[in-house]
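Notes follow the structure.
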Amino acid sequence: MATDEVHGLVKREALSDETMVINLGPQHPSTHGVLRVRLVLDGERVVDAQPVIGYLHTGFEKTAETLTYQQCNTITDRLDYLAPMTNNLAYVLAVEKMMQIEVPKRAQYIRVLFAELTRLASHLVWLGTHVMDLGAMSLFFYCMREREVILDLIEAVAGVRMNPSYFRVGGLAYDLPDGFHEKAWDFVKDFPRWMKMYRNLVEGNPLINQRLKGIAVLDRETCYQYGVTGPNIRATGLALDLRKTEPYSSYEEFEFNVPTRTEGDAYARFWVRMEEMDESLKIVEQALDKITPRGEYATRDRKVALPPRDEIYGNMEALIHQFKLVTAGFPVPAGEVYQAVEGPRGEMGFYIISDGGPKPYRWRARTPSYYNLQTLPILCRDGLVADVITAIGSIDIMLGDVDK
Amino acid sequence: MSERSEELLDRLTQRFPDALEVVESIDQPTVVVKREELLAFAEHLKSVEGYVMFNDVLAADWFPAHPRFEVIYQVVHPESWQRFRFKCRIDEHEAVPSVVSVWPGANWPEREAYDLFGIVFEGHPQLTRIYLPDDWEGHPLRKDYPTGGNRID
(Lines give C-alpha, C1' and ligand atoms only; values in the text may rest on other atoms or scores of the structure.)
Protein backbone atom coordinates (compact mmCIF):
# COMPACT_ATOMS: atom_id res chain seq x y z
CA MET A 1 0.00 0.00 0.00
CA ALA A 2 1.44 3.37 -1.03
CA THR A 3 2.11 5.77 1.81
CA ASP A 4 2.92 9.46 2.00
CA GLU A 5 6.62 9.52 2.80
CA VAL A 6 6.58 12.73 4.81
CA HIS A 7 3.68 12.02 7.16
CA GLY A 8 3.53 8.28 6.95
CA LEU A 9 -0.16 8.52 6.15
CA VAL A 10 -1.93 6.42 3.57
CA LYS A 11 -2.34 8.33 0.33
CA ARG A 12 -5.90 9.13 -0.58
CA GLU A 13 -5.57 8.18 -4.25
CA ALA A 14 -4.23 4.78 -3.33
CA LEU A 15 -7.32 4.07 -1.29
CA SER A 16 -9.95 5.13 -3.78
CA ASP A 17 -11.00 1.53 -4.36
CA GLU A 18 -11.37 0.88 -0.68
CA THR A 19 -13.78 3.63 0.20
CA MET A 20 -16.96 2.41 1.72
CA VAL A 21 -20.50 3.76 1.37
CA ILE A 22 -22.57 3.71 4.54
CA ASN A 23 -26.05 5.01 5.22
CA LEU A 24 -26.56 6.95 8.42
CA GLY A 25 -30.27 6.94 9.15
CA PRO A 26 -33.05 7.48 8.21
CA GLN A 27 -33.92 5.91 11.56
CA HIS A 28 -31.07 7.05 13.76
CA PRO A 29 -31.60 8.99 16.99
CA SER A 30 -28.81 11.48 16.37
CA THR A 31 -30.18 12.66 13.02
CA HIS A 32 -33.00 14.44 14.91
CA GLY A 33 -35.78 12.97 12.83
CA VAL A 34 -35.77 11.01 9.61
CA LEU A 35 -32.66 12.23 7.85
CA ARG A 36 -30.54 9.86 5.83
CA VAL A 37 -26.91 10.74 5.19
CA ARG A 38 -25.03 8.84 2.53
CA LEU A 39 -21.48 8.67 3.85
CA VAL A 40 -18.48 7.78 1.73
CA LEU A 41 -15.83 6.67 4.18
CA ASP A 42 -12.15 6.07 3.92
CA GLY A 43 -11.57 4.23 7.15
CA GLU A 44 -12.69 6.67 9.84
CA ARG A 45 -12.40 9.67 7.55
CA VAL A 46 -15.38 11.10 5.73
CA VAL A 47 -14.78 11.59 2.01
CA ASP A 48 -18.31 12.74 1.25
CA ALA A 49 -21.57 13.12 3.13
CA GLN A 50 -24.71 13.66 1.09
CA PRO A 51 -27.99 14.25 2.91
CA VAL A 52 -30.95 12.38 1.41
CA ILE A 53 -34.19 14.05 2.41
CA GLY A 54 -37.91 13.73 1.78
CA TYR A 55 -38.83 11.05 4.34
CA LEU A 56 -41.09 13.51 6.15
CA HIS A 57 -42.43 15.27 3.06
CA THR A 58 -46.07 16.12 3.65
CA GLY A 59 -46.92 18.38 0.73
CA PHE A 60 -47.85 21.40 2.85
CA GLU A 61 -47.48 23.74 -0.10
CA LYS A 62 -50.12 21.86 -2.07
CA THR A 63 -52.40 21.50 0.95
CA ALA A 64 -52.24 25.25 1.59
CA GLU A 65 -53.69 25.99 -1.84
CA THR A 66 -56.88 24.22 -0.82
CA LEU A 67 -57.31 26.05 2.51
CA THR A 68 -58.45 29.57 3.35
CA TYR A 69 -55.89 32.02 4.68
CA GLN A 70 -57.01 31.52 8.27
CA GLN A 71 -56.89 27.72 7.94
CA CYS A 72 -53.36 27.82 6.49
CA ASN A 73 -52.20 29.01 9.88
CA THR A 74 -52.61 25.51 11.25
CA ILE A 75 -50.12 24.00 8.82
CA THR A 76 -47.45 26.58 9.58
CA ASP A 77 -47.31 25.12 13.11
CA ARG A 78 -46.37 21.77 11.71
CA LEU A 79 -43.41 22.92 9.62
CA ASP A 80 -40.92 23.49 12.39
CA TYR A 81 -42.86 21.90 15.20
CA LEU A 82 -40.39 22.98 17.86
CA ALA A 83 -40.92 26.64 17.03
CA PRO A 84 -44.56 26.91 15.97
CA MET A 85 -45.08 30.50 17.10
CA THR A 86 -42.34 32.01 14.94
CA ASN A 87 -43.76 30.15 11.93
CA ASN A 88 -47.20 31.56 12.74
CA LEU A 89 -45.69 35.02 13.07
CA ALA A 90 -43.97 34.94 9.66
CA TYR A 91 -47.17 33.76 8.02
CA VAL A 92 -49.61 36.19 9.63
CA LEU A 93 -47.22 39.10 9.01
CA ALA A 94 -47.06 38.15 5.33
CA VAL A 95 -50.85 38.13 5.00
CA GLU A 96 -51.16 41.33 7.01
CA LYS A 97 -48.60 43.01 4.77
CA MET A 98 -50.71 42.13 1.73
CA MET A 99 -53.93 43.33 3.30
CA GLN A 100 -52.30 46.32 5.04
CA ILE A 101 -53.81 45.52 8.41
CA GLU A 102 -52.77 47.42 11.53
CA VAL A 103 -52.45 45.17 14.55
CA PRO A 104 -52.92 46.74 18.04
CA LYS A 105 -49.67 47.39 19.91
CA ARG A 106 -50.62 45.08 22.76
CA ALA A 107 -51.11 42.18 20.36
CA GLN A 108 -47.73 42.92 18.78
CA TYR A 109 -46.06 42.76 22.21
CA ILE A 110 -47.76 39.47 23.03
CA ARG A 111 -46.51 38.14 19.68
CA VAL A 112 -42.98 39.20 20.60
CA LEU A 113 -43.35 37.56 24.01
CA PHE A 114 -44.37 34.22 22.54
CA ALA A 115 -41.88 34.36 19.69
CA GLU A 116 -39.14 34.64 22.30
CA LEU A 117 -40.60 31.97 24.58
CA THR A 118 -40.70 29.68 21.55
CA ARG A 119 -37.09 30.49 20.78
CA LEU A 120 -36.19 29.51 24.36
CA ALA A 121 -38.15 26.27 24.13
CA SER A 122 -36.58 25.41 20.80
CA HIS A 123 -33.05 26.18 21.99
CA LEU A 124 -33.65 24.05 25.09
CA VAL A 125 -34.46 21.06 22.91
CA TRP A 126 -31.40 21.80 20.79
CA LEU A 127 -29.17 22.05 23.87
CA GLY A 128 -30.47 18.83 25.37
CA THR A 129 -30.26 16.74 22.21
CA HIS A 130 -26.98 18.21 20.98
CA VAL A 131 -25.23 17.57 24.27
CA MET A 132 -26.77 14.10 24.41
CA ASP A 133 -25.29 13.37 20.98
CA LEU A 134 -21.92 14.26 22.46
CA GLY A 135 -22.44 11.78 25.26
CA ALA A 136 -23.81 13.86 28.17
CA MET A 137 -27.14 12.36 29.13
CA SER A 138 -28.30 14.31 32.18
CA LEU A 139 -28.68 17.74 30.56
CA PHE A 140 -31.33 16.37 28.22
CA PHE A 141 -33.69 15.62 31.13
CA TYR A 142 -33.21 19.06 32.69
CA CYS A 143 -33.80 20.81 29.36
CA MET A 144 -36.95 18.83 28.67
CA ARG A 145 -38.24 19.52 32.19
CA GLU A 146 -37.74 23.27 31.82
CA ARG A 147 -39.16 23.31 28.32
CA GLU A 148 -42.33 21.89 29.82
CA VAL A 149 -42.74 25.11 31.84
CA ILE A 150 -42.74 27.11 28.61
CA LEU A 151 -45.17 24.67 27.01
CA ASP A 152 -47.43 25.17 30.03
CA LEU A 153 -47.47 28.90 29.31
CA ILE A 154 -48.33 28.18 25.68
CA GLU A 155 -51.05 25.78 26.79
CA ALA A 156 -52.46 28.46 29.10
CA VAL A 157 -53.06 30.86 26.19
CA ALA A 158 -53.74 28.52 23.27
CA GLY A 159 -55.16 25.41 24.90
CA VAL A 160 -52.58 23.06 23.39
CA ARG A 161 -48.90 22.47 23.95
CA MET A 162 -47.49 21.74 20.54
CA ASN A 163 -49.39 23.24 17.60
CA PRO A 164 -50.96 26.34 19.09
CA SER A 165 -51.94 28.48 16.02
CA TYR A 166 -52.25 31.27 18.57
CA PHE A 167 -51.39 34.10 16.20
CA ARG A 168 -54.13 34.82 13.70
CA VAL A 169 -54.30 37.20 10.80
CA GLY A 170 -55.27 40.49 12.44
CA GLY A 171 -54.03 39.70 15.94
CA LEU A 172 -54.35 36.78 18.31
CA ALA A 173 -56.83 33.96 18.72
CA TYR A 174 -57.77 34.81 22.34
CA ASP A 175 -56.76 37.22 25.05
CA LEU A 176 -54.35 36.20 27.80
CA PRO A 177 -56.05 34.12 30.52
CA ASP A 178 -56.38 35.23 34.15
CA GLY A 179 -53.20 34.84 36.17
CA PHE A 180 -50.98 34.56 33.11
CA HIS A 181 -48.61 37.32 34.21
CA GLU A 182 -47.88 35.65 37.57
CA LYS A 183 -47.06 32.35 35.85
CA ALA A 184 -44.86 34.08 33.30
CA TRP A 185 -43.00 36.11 35.93
CA ASP A 186 -42.36 32.91 37.90
CA PHE A 187 -40.73 31.50 34.80
CA VAL A 188 -38.64 34.65 34.28
CA LYS A 189 -37.43 34.44 37.89
CA ASP A 190 -36.51 30.76 37.65
CA PHE A 191 -34.87 30.72 34.25
CA PRO A 192 -31.51 32.40 35.10
CA ARG A 193 -30.98 29.79 37.80
CA TRP A 194 -31.54 27.00 35.27
CA MET A 195 -29.27 28.67 32.73
CA LYS A 196 -26.56 28.81 35.38
CA MET A 197 -26.95 25.10 35.96
CA TYR A 198 -26.68 24.33 32.23
CA ARG A 199 -23.60 26.49 31.97
CA ASN A 200 -22.00 24.73 34.94
CA LEU A 201 -22.57 21.39 33.26
CA VAL A 202 -21.02 22.32 29.91
CA GLU A 203 -18.62 25.20 30.50
CA GLY A 204 -15.05 24.03 30.83
CA ASN A 205 -16.13 20.42 30.37
CA PRO A 206 -13.07 19.03 28.55
CA LEU A 207 -15.02 16.31 26.73
CA ILE A 208 -17.57 18.71 25.27
CA ASN A 209 -14.92 21.30 24.37
CA GLN A 210 -12.85 18.71 22.55
CA ARG A 211 -15.82 17.41 20.62
CA LEU A 212 -16.81 20.94 19.51
CA LYS A 213 -13.68 23.07 19.02
CA GLY A 214 -12.48 23.32 15.44
CA ILE A 215 -15.14 20.84 14.25
CA ALA A 216 -17.48 21.45 11.31
CA VAL A 217 -16.18 24.91 10.38
CA LEU A 218 -18.39 27.08 8.19
CA ASP A 219 -16.99 30.36 6.85
CA ARG A 220 -19.03 33.44 6.11
CA GLU A 221 -18.59 33.24 2.35
CA THR A 222 -20.12 29.76 2.33
CA CYS A 223 -22.99 31.01 4.47
CA TYR A 224 -23.72 33.73 1.90
CA GLN A 225 -23.57 31.34 -1.02
CA TYR A 226 -25.88 28.80 0.54
CA GLY A 227 -28.30 31.20 2.20
CA VAL A 228 -27.37 30.03 5.69
CA THR A 229 -28.91 32.28 8.34
CA GLY A 230 -29.57 32.46 12.06
CA PRO A 231 -27.08 31.40 14.75
CA ASN A 232 -25.03 29.57 12.10
CA ILE A 233 -24.06 32.78 10.30
CA ARG A 234 -23.75 34.72 13.57
CA ALA A 235 -21.07 32.23 14.63
CA THR A 236 -18.94 33.55 11.74
CA GLY A 237 -18.80 37.04 13.24
CA LEU A 238 -21.67 38.68 11.36
CA ALA A 239 -24.38 40.21 13.56
CA LEU A 240 -27.15 39.37 11.11
CA ASP A 241 -30.47 39.22 12.89
CA LEU A 242 -33.74 40.08 11.17
CA ARG A 243 -35.07 41.41 14.47
CA LYS A 244 -32.49 44.19 14.04
CA THR A 245 -32.02 44.49 10.28
CA GLU A 246 -35.70 44.56 9.33
CA PRO A 247 -37.68 44.88 12.57
CA TYR A 248 -41.21 43.49 12.59
CA SER A 249 -43.94 43.38 15.21
CA SER A 250 -42.40 46.30 17.21
CA TYR A 251 -39.05 44.57 17.84
CA GLU A 252 -37.40 47.99 17.43
CA GLU A 253 -38.83 48.98 20.85
CA PHE A 254 -36.96 46.21 22.67
CA GLU A 255 -33.39 46.33 23.90
CA PHE A 256 -31.25 43.29 23.30
CA ASN A 257 -27.85 42.35 21.92
CA VAL A 258 -27.05 40.03 19.04
CA PRO A 259 -24.41 37.57 20.30
CA THR A 260 -21.72 36.65 17.78
CA ARG A 261 -18.55 34.55 17.65
CA THR A 262 -15.89 34.59 14.98
CA GLU A 263 -14.56 31.02 14.73
CA GLY A 264 -17.48 29.56 12.75
CA ASP A 265 -17.04 26.09 14.25
CA ALA A 266 -19.42 23.94 16.27
CA TYR A 267 -18.12 25.50 19.50
CA ALA A 268 -18.91 29.02 18.26
CA ARG A 269 -22.42 27.99 17.23
CA PHE A 270 -22.93 26.37 20.61
CA TRP A 271 -22.14 29.53 22.53
CA VAL A 272 -24.02 31.83 20.16
CA ARG A 273 -27.17 29.85 20.94
CA MET A 274 -26.46 29.76 24.67
CA GLU A 275 -25.99 33.53 24.79
CA GLU A 276 -29.06 34.03 22.62
CA MET A 277 -31.13 32.39 25.34
CA ASP A 278 -30.04 35.08 27.82
CA GLU A 279 -31.00 37.79 25.33
CA SER A 280 -34.38 36.18 24.68
CA LEU A 281 -35.09 36.22 28.39
CA LYS A 282 -34.36 39.97 28.44
CA ILE A 283 -36.95 40.49 25.70
CA VAL A 284 -39.47 38.32 27.56
CA GLU A 285 -39.04 40.52 30.67
CA GLN A 286 -39.47 43.74 28.71
CA ALA A 287 -42.50 42.37 26.89
CA LEU A 288 -44.18 41.31 30.13
CA ASP A 289 -43.68 44.85 31.45
CA LYS A 290 -45.34 46.33 28.38
CA ILE A 291 -48.31 43.98 28.22
CA THR A 292 -51.33 44.96 30.28
CA PRO A 293 -53.36 42.05 31.72
CA ARG A 294 -56.47 43.11 29.78
CA GLY A 295 -56.81 44.97 26.52
CA GLU A 296 -57.06 44.73 22.76
CA TYR A 297 -55.74 41.52 21.27
CA ALA A 298 -56.89 41.73 17.64
CA THR A 299 -57.85 44.27 15.05
CA ARG A 300 -61.39 45.65 15.21
CA ASP A 301 -61.80 45.01 11.49
CA ARG A 302 -64.57 42.42 11.56
CA LYS A 303 -63.94 41.53 7.93
CA VAL A 304 -60.70 39.85 9.04
CA ALA A 305 -60.73 38.93 12.72
CA LEU A 306 -63.49 36.90 14.34
CA PRO A 307 -65.79 38.86 16.67
CA PRO A 308 -65.55 38.01 20.40
CA ARG A 309 -67.81 35.17 21.48
CA ASP A 310 -70.18 37.17 23.71
CA GLU A 311 -70.81 39.66 20.90
CA ILE A 312 -72.08 36.89 18.63
CA TYR A 313 -74.93 35.97 20.94
CA GLY A 314 -76.47 39.43 21.00
CA ASN A 315 -75.57 41.07 17.72
CA MET A 316 -76.74 40.06 14.28
CA GLU A 317 -73.84 41.68 12.35
CA ALA A 318 -71.36 39.86 14.55
CA LEU A 319 -73.10 36.57 13.82
CA ILE A 320 -73.01 37.24 10.08
CA HIS A 321 -69.32 38.16 10.22
CA GLN A 322 -68.53 35.02 12.19
CA PHE A 323 -70.45 32.89 9.69
CA LYS A 324 -68.82 34.52 6.65
CA LEU A 325 -65.30 34.29 8.06
CA VAL A 326 -65.61 30.66 9.10
CA THR A 327 -67.31 29.38 5.96
CA ALA A 328 -65.86 31.54 3.18
CA GLY A 329 -62.78 33.21 4.67
CA PHE A 330 -61.67 36.68 3.67
CA PRO A 331 -60.35 37.75 0.26
CA VAL A 332 -56.76 38.99 0.00
CA PRO A 333 -55.89 41.53 -2.71
CA ALA A 334 -54.05 40.06 -5.68
CA GLY A 335 -50.28 40.35 -5.58
CA GLU A 336 -47.29 38.72 -4.08
CA VAL A 337 -45.32 39.32 -0.94
CA TYR A 338 -42.36 37.92 0.96
CA GLN A 339 -42.09 38.32 4.69
CA ALA A 340 -39.40 36.83 6.90
CA VAL A 341 -38.83 36.67 10.63
CA GLU A 342 -35.88 35.54 12.71
CA GLY A 343 -36.79 32.02 13.79
CA PRO A 344 -34.66 29.98 16.20
CA ARG A 345 -32.96 28.34 13.19
CA GLY A 346 -32.64 31.36 10.93
CA GLU A 347 -34.68 33.24 8.39
CA MET A 348 -38.19 31.82 8.39
CA GLY A 349 -40.10 33.37 5.53
CA PHE A 350 -43.30 33.03 3.58
CA TYR A 351 -43.78 33.87 -0.07
CA ILE A 352 -47.45 34.21 -0.82
CA ILE A 353 -49.04 34.81 -4.20
CA SER A 354 -52.70 35.79 -4.13
CA ASP A 355 -55.10 35.89 -7.06
CA GLY A 356 -57.61 37.94 -5.07
CA GLY A 357 -59.54 34.98 -3.71
CA PRO A 358 -59.93 33.60 -0.17
CA LYS A 359 -57.29 30.89 -0.72
CA PRO A 360 -53.62 31.42 -1.53
CA TYR A 361 -52.66 30.83 -5.17
CA ARG A 362 -49.12 29.86 -4.20
CA TRP A 363 -47.90 29.37 -0.66
CA ARG A 364 -44.17 28.99 -0.25
CA ALA A 365 -42.40 28.42 3.04
CA ARG A 366 -38.75 29.44 3.07
CA THR A 367 -37.69 27.19 5.91
CA PRO A 368 -34.24 27.84 7.39
CA SER A 369 -33.19 24.23 8.10
CA TYR A 370 -33.49 23.34 4.41
CA TYR A 371 -30.79 25.83 3.46
CA ASN A 372 -28.64 25.14 6.51
CA LEU A 373 -28.64 21.38 5.87
CA GLN A 374 -27.36 21.90 2.34
CA THR A 375 -23.94 22.76 3.78
CA LEU A 376 -23.58 19.35 5.47
CA PRO A 377 -21.11 17.96 2.87
CA ILE A 378 -18.87 20.99 3.48
CA LEU A 379 -19.11 20.62 7.25
CA CYS A 380 -18.29 16.91 7.25
CA ARG A 381 -15.66 16.62 4.52
CA ASP A 382 -12.36 15.24 5.78
CA GLY A 383 -13.68 14.96 9.31
CA LEU A 384 -14.27 11.84 11.35
CA VAL A 385 -17.46 9.78 11.44
CA ALA A 386 -18.15 10.85 15.01
CA ASP A 387 -17.98 14.50 13.93
CA VAL A 388 -20.82 14.00 11.45
CA ILE A 389 -23.11 13.68 14.46
CA THR A 390 -21.64 16.86 15.94
CA ALA A 391 -22.12 18.68 12.64
CA ILE A 392 -25.78 17.67 12.33
CA GLY A 393 -26.49 18.73 15.91
CA SER A 394 -24.56 21.98 15.68
CA ILE A 395 -26.44 23.39 12.67
CA ASP A 396 -29.67 22.61 14.55
CA ILE A 397 -31.89 21.21 11.84
CA MET A 398 -35.50 20.19 12.23
CA LEU A 399 -36.72 17.63 9.73
CA GLY A 400 -40.27 18.95 9.67
CA ASP A 401 -38.69 22.18 8.50
CA VAL A 402 -36.47 20.52 5.89
CA ASP A 403 -39.06 18.28 4.29
CA LYS A 404 -42.22 20.44 4.62
CA MET B 1 -39.78 52.04 -3.17
CA SER B 2 -36.61 53.58 -1.79
CA GLU B 3 -34.27 55.81 -3.78
CA ARG B 4 -31.57 53.21 -3.52
CA SER B 5 -33.57 50.50 -5.22
CA GLU B 6 -34.68 52.91 -7.96
CA GLU B 7 -31.05 53.70 -8.70
CA LEU B 8 -30.28 50.00 -8.80
CA LEU B 9 -33.14 49.33 -11.22
CA ASP B 10 -31.94 52.22 -13.44
CA ARG B 11 -28.41 50.82 -13.53
CA LEU B 12 -29.66 47.33 -14.32
CA THR B 13 -31.98 48.43 -17.12
CA GLN B 14 -29.13 50.39 -18.67
CA ARG B 15 -26.85 47.38 -18.51
CA PHE B 16 -29.46 44.92 -19.87
CA PRO B 17 -31.75 47.15 -21.96
CA ASP B 18 -33.47 44.41 -23.96
CA ALA B 19 -33.70 41.68 -21.38
CA LEU B 20 -35.30 43.39 -18.39
CA GLU B 21 -38.79 44.45 -17.50
CA VAL B 22 -39.39 46.17 -14.16
CA VAL B 23 -42.60 45.05 -12.48
CA GLU B 24 -44.64 46.59 -9.68
CA SER B 25 -44.14 45.06 -6.27
CA ILE B 26 -45.26 46.02 -2.78
CA ASP B 27 -42.14 44.94 -0.92
CA GLN B 28 -38.97 44.44 -2.98
CA PRO B 29 -37.56 45.73 -6.28
CA THR B 30 -38.56 43.14 -8.85
CA VAL B 31 -37.62 42.54 -12.48
CA VAL B 32 -38.50 39.96 -15.09
CA VAL B 33 -35.46 38.70 -16.99
CA LYS B 34 -35.45 37.00 -20.38
CA ARG B 35 -34.38 33.38 -20.28
CA GLU B 36 -31.45 33.91 -22.67
CA GLU B 37 -29.88 36.59 -20.46
CA LEU B 38 -30.67 35.04 -17.09
CA LEU B 39 -27.26 33.60 -16.31
CA ALA B 40 -25.40 36.74 -17.40
CA PHE B 41 -27.80 38.82 -15.34
CA ALA B 42 -27.31 36.64 -12.25
CA GLU B 43 -23.54 36.83 -12.54
CA HIS B 44 -23.69 40.60 -12.97
CA LEU B 45 -25.97 40.93 -9.95
CA LYS B 46 -23.62 38.92 -7.80
CA SER B 47 -20.20 40.14 -8.85
CA VAL B 48 -20.89 43.78 -9.79
CA GLU B 49 -23.86 44.76 -7.63
CA GLY B 50 -22.78 42.69 -4.62
CA TYR B 51 -25.88 40.54 -4.16
CA VAL B 52 -23.76 37.65 -2.93
CA MET B 53 -26.23 36.19 -0.47
CA PHE B 54 -28.59 33.57 -1.80
CA ASN B 55 -32.08 33.47 -0.37
CA ASP B 56 -34.50 31.30 -2.35
CA VAL B 57 -35.64 29.93 -5.69
CA LEU B 58 -39.30 29.06 -6.14
CA ALA B 59 -41.71 28.48 -8.97
CA ALA B 60 -45.34 29.31 -9.66
CA ASP B 61 -47.72 27.72 -12.13
CA TRP B 62 -50.08 30.06 -14.03
CA PHE B 63 -51.92 27.30 -15.89
CA PRO B 64 -53.63 27.71 -18.40
CA ALA B 65 -51.87 31.01 -19.22
CA HIS B 66 -48.81 31.30 -21.46
CA PRO B 67 -45.99 31.38 -20.56
CA ARG B 68 -47.07 28.86 -18.01
CA PHE B 69 -44.35 28.92 -15.33
CA GLU B 70 -42.66 31.64 -13.41
CA VAL B 71 -39.34 30.91 -11.68
CA ILE B 72 -38.70 33.42 -8.90
CA TYR B 73 -35.24 34.11 -7.50
CA GLN B 74 -34.59 36.02 -4.29
CA VAL B 75 -31.15 37.34 -3.36
CA VAL B 76 -29.81 39.70 -0.71
CA HIS B 77 -27.08 42.32 -0.51
CA PRO B 78 -25.76 41.36 2.93
CA GLU B 79 -23.87 44.53 3.95
CA SER B 80 -26.71 46.96 3.29
CA TRP B 81 -29.39 44.27 3.75
CA GLN B 82 -31.23 44.99 0.52
CA ARG B 83 -33.40 42.27 -0.94
CA PHE B 84 -33.86 41.80 -4.67
CA ARG B 85 -36.18 39.60 -6.66
CA PHE B 86 -35.98 38.55 -10.28
CA LYS B 87 -38.20 36.27 -12.27
CA CYS B 88 -37.99 34.27 -15.43
CA ARG B 89 -41.09 33.23 -17.36
CA ILE B 90 -41.05 30.02 -19.35
CA ASP B 91 -43.50 27.77 -21.11
CA GLU B 92 -44.10 24.12 -20.48
CA HIS B 93 -41.41 22.58 -22.66
CA GLU B 94 -38.77 25.25 -22.16
CA ALA B 95 -35.82 25.05 -19.81
CA VAL B 96 -34.20 27.73 -17.67
CA PRO B 97 -30.45 27.98 -17.10
CA SER B 98 -29.44 26.84 -13.64
CA VAL B 99 -27.89 29.46 -11.33
CA VAL B 100 -26.05 26.87 -9.21
CA SER B 101 -22.76 28.06 -10.72
CA VAL B 102 -23.50 31.55 -9.36
CA TRP B 103 -25.12 30.71 -6.02
CA PRO B 104 -24.40 27.08 -5.03
CA GLY B 105 -27.31 27.25 -2.57
CA ALA B 106 -29.73 27.16 -5.51
CA ASN B 107 -29.00 23.45 -5.86
CA TRP B 108 -31.74 22.06 -3.64
CA PRO B 109 -34.44 24.65 -4.37
CA GLU B 110 -33.97 24.07 -8.10
CA ARG B 111 -34.24 20.32 -7.61
CA GLU B 112 -37.39 20.99 -5.62
CA ALA B 113 -38.87 23.06 -8.47
CA TYR B 114 -37.99 20.22 -10.84
CA ASP B 115 -39.57 17.67 -8.54
CA LEU B 116 -42.80 19.50 -7.78
CA PHE B 117 -43.30 21.54 -11.00
CA GLY B 118 -41.32 19.64 -13.61
CA ILE B 119 -39.21 22.65 -14.56
CA VAL B 120 -35.91 21.68 -16.20
CA PHE B 121 -32.82 23.63 -15.14
CA GLU B 122 -30.09 23.43 -17.77
CA GLY B 123 -26.62 22.86 -16.38
CA HIS B 124 -27.77 21.70 -12.96
CA PRO B 125 -25.22 19.25 -11.51
CA GLN B 126 -27.76 16.71 -10.25
CA LEU B 127 -31.28 17.32 -11.48
CA THR B 128 -33.19 14.53 -9.73
CA ARG B 129 -36.28 14.43 -7.54
CA ILE B 130 -35.58 15.60 -4.01
CA TYR B 131 -38.74 15.02 -1.97
CA LEU B 132 -40.71 12.42 -3.89
CA PRO B 133 -39.60 8.89 -4.78
CA ASP B 134 -37.76 8.55 -8.10
CA ASP B 135 -40.59 6.56 -9.67
CA TRP B 136 -43.30 9.13 -8.85
CA GLU B 137 -45.50 10.14 -11.75
CA GLY B 138 -46.41 13.77 -12.32
CA HIS B 139 -45.47 16.98 -10.56
CA PRO B 140 -47.80 17.68 -7.62
CA LEU B 141 -47.58 21.46 -7.35
CA ARG B 142 -48.80 21.95 -10.90
CA LYS B 143 -52.31 23.37 -11.01
CA ASP B 144 -53.57 20.53 -13.20
CA TYR B 145 -52.47 17.90 -10.69
CA PRO B 146 -55.47 16.72 -8.64
CA THR B 147 -55.57 17.70 -4.98
CA GLY B 148 -57.68 14.74 -3.92
CA GLY B 149 -56.39 11.21 -3.55
CA ASN B 150 -57.13 8.26 -5.80
CA ARG B 151 -60.79 7.85 -6.54
CA ILE B 152 -62.40 4.89 -4.84
CA ASP B 153 -65.49 3.48 -6.54
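The values are calculated or read from the model by the stated rules, or taken from the named source; none is laboratory data. Just so you know, these numbers come straight off a predicted model, no measurement behind them. Every residue, glycine as well, gets a Cβ built from its backbone with ideal geometry; the counts of neighbours run over all protein chains shown. Just so you know, the surface numbers come from the protein's heavy atoms only, side chains and all, with ligands and any DNA or RNA stripped out. Shrake-Rupley method; radii C 1.70, N 1.55, O 1.52, S 1.80 Å.
Tabulated data for the structure shown
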read-out	value
Placed amide H near A:LEU82: partners under 5 Å, 5+ positions off or other chain	none
Long-range HN-HN contacts of A:ALA298 with modeled amide H, under 5 Å	A:LEU172
Residues whose placed amide H lies under 5 Å from that of A:GLY343, excluding near-sequence neighbours	A:MET348
For the range A:183-243, accessible area per residue (1.4 Å probe, heavy atoms of protein chains only), Å²	44
Cα centroid separation, the range A:253-268 to the range A:23-63 (Å)	28
For the range A:254-264, 3J(HN,Hα) per residue [Karplus equation, 6.51 cos²θ - 1.76 cosθ + 1.60, θ = phi - 60°, Hz, x = Gly/Pro]	9, 9, 7, 9, 10, x, 9, 9, 10, 6, x
Phi-based couplings in Hz for the range A:180-188 (Karplus 6.51, -1.76, 1.60; Gly and Pro marked x)	5, 4, 4, 4, 5, 5, 4, 4, 4
DSSP bridge orientation in the protein assembly as shown - percent antiparallel, rounded to nearest 5	90
Relative contact order [Cα under 8 Å, 6+ residues apart], chain A, whole percent	25
Per residue accessible area in Å² of the range A:87-128, where ligands, DNA and RNA are left out and the probe is 1.4 Å	18
In sequence order, calculated HN-Hα J values of the range B:102-111 (Karplus, 6.51, -1.76, 1.60; Hz; x Gly/Pro)	8, 10, x, x, 6, 3, 5, x, 5, 4
Shielding score for A:370-377, defined as the mean number of other chain Cβ atoms within 10 Å	3
Helix B:38-47 vs. chain B, principal-axis angle (Cα, 0 to 90°, nearest 10)	50
Accessible surface buried once A binds B (1.4 Å probe; total of both sides; Å²)	3500
Distance (nanometres) between label positions extended 7 Å along Cα→Cβ at A:SER250 and A:ASP355	3.8
Per residue value of the accessible surface for chain B (all protein chains in place, 1.4 Å probe), Å²	47
Folded to 0 to 90 degrees: helix A:84-99 orientation relative to chain A principal axis, Cα	50
Members of the range B:74-107 that become less accessible by 20 Å² or more once partner protein chains are added (1.4 angstrom probe, chain alone as reference)	B:GLN74, B:PRO78, B:TRP81, B:ARG83, B:ARG85, B:LYS87, B:PRO104, B:GLY105
For the range A:281-320 versus the range A:89-166, the gap between their alpha-carbon centres in whole angstrom	20
Residues A:THR292 and A:GLU102, FRET efficiency given R0 of 22 Å [Cβ-Cβ distance, rounded to 0.05]	0.75
Modelled FRET efficiency - R0 41 Å, B:GLU24 with A:GLU18, Cβ distances, 0.05 increments	0.10
